[in-house]
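Participant: Once you've had a glance at the structure underneath, I'll fire off some questions.
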Amino acid sequence: MAGKCVWALASANEEHYHDHEWGVPLHDDRRLFEFLILEGAQAGLSWRTILDKRPAYRSAFDDFDPLKIAAYDQGKIDSLLQNPGIVRNRLKIQAAVANANAFLEVKQAYGSFDRYIWGFVDGRTVQNRWRAHAEIPAYTEASARMSKDLQKRGFKFVGKTICYAYMQAVGMVNDHTVDCFRHPQLSPALQ
């Protein structure tokens, strides 16, 4: 009987996220944008903290509508800094606004953010076969390239480690360990 990735057992919220979202190939631009903002907000914090705050983030950030977020002014940023439901870090909130603008520029240039971001893995999920959580790298050459290109385009809080966590979240890589029941479910060759 297959188990689960060890990190998924820390809380009910993490387990649900692991079982239903983490590593599932995502191609919806708004959801891709949501994860970009959430991964940046996580910097220096645990993913559990962000997952627990996710409903408040969706409410505070207009359900991650990049057009609305790109138009946030100083008054809106100040009000977000008073919102106890989110991470109240001025740089991370300002980064969300900058990232919304950069996201819209990429979408305009490529037709979709999906087409752009999935280009870093040639449009296909990288199928890893890690036996233990400790084997999973903090970043890869692909996440480093992604980070460099995103930064060049004006994105913030997109270092190579954040980019790799993003790749894991949106299914650009399958980093479920081989003993996890989700690994074969997300490996087309094994189905």
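The values are calculated or read from the model by the stated rules, or taken from the named source; none is laboratory data. Since this is a predicted model, take the numbers as computed values, not measurements. Cβ: placed from backbone, ideal geometry, glycine included. Neighbour counts: every protein chain shown. These area figures cover heavy atoms from the full protein model, side chains too; ligands, DNA and RNA do not enter into them. Shrake-Rupley method; radii C 1.70, N 1.55, O 1.52, S 1.80 Å.
Participant: Calculate the length of the line joining the C-alpha centroid of region 96-128 to that of region 1-52, in whole Å.
Facilitator: 19 Å
Participant: A further question follows. Mind listing the long-range amide H neighbours of Val126? Cut-off is under 5 Å, sequence gap 5 or more, other chains count too, H placed in the peptide plane at 1.01 Å from N.
Facilitator: Amide H to amide H, under 5 Å and 5 or more residues apart or across chains, Val126 pairs with Val173, Asn174.
Participant: Provide the per residue accessible area, probe 1.4 Å, for the chain, rounded to a whole number of square angstrom. The partial results should precede the final answer.
Facilitator: Numbers: 9340 Å² over 191 residues.
Using a 1.4 Å probe on heavy atoms only, each residue of the chain averages 49 Å².
Participant: Which residue, Ala71, Ala60, Tyr166, has the largest displacement toward the positive end of the dipole of the chain when charges sit on each Cβ (Lys, Arg +1; Asp, Glu -1)?
Facilitator: Ala71
Participant: Working from the alpha-carbon coordinates of the chain, get Rg over Rh, Rh being the Kirkwood radius.
Facilitator: Taking Rg over the Kirkwood Rh, I get 0.96.
Participant: So what is the calculated 222 nm ellipticity per residue for the chain, using -39500 (n - 2.57) for each DSSP H run with n of 4 or more, over all residues, to the nearest 500 deg cm²/dmol?
Facilitator: It comes out at -16000 deg cm²/dmol, rounded to the nearest 500.
Participant: Given a Förster radius of 45 Å and the C-beta distance between Ala134 and Leu67 as r, what FRET efficiency does 1/(1 + (r/R0)^6) yield to the nearest 0.05?
Facilitator: Numbers: r = 42 Å, r/R0 = 0.92.
That gives a FRET efficiency of 0.60.
Participant: When the accessible area of region 37-191 is split by element with a 1.4 Å probe, what percent falls to carbon and sulfur? Let's see the in-between values first.
Facilitator: Details: 3860 of 7540 Å².
Roughly 51 percent of what the probe reaches on region 37-191 is carbon or sulfur.
Participant: Also: Take the cross-link list Lys53/Lys107; Lys4/Lys148; Lys68/Lys148; Lys53/Lys156; Lys4/Lys107; Lys4/Lys68 and give me the ones stretching past 30 Å between alpha-carbons.
Facilitator: Those over the limit are Lys4/Lys148; Lys4/Lys107; Lys4/Lys68.
Participant: Taking the Cα atoms only, what angle lies between the long axis of helix 141-152 and the longest principal axis of the chain, rounded to 10 degrees?
Facilitator: Once rounded, one gets 10 degrees.
Participant: On to the next question. For region 1-87, state the average projected area of the convex hull of the C-alpha atoms over all orientations, rounded to one decimal in nm².
Facilitator: About 6.6 nm², averaged over all directions.
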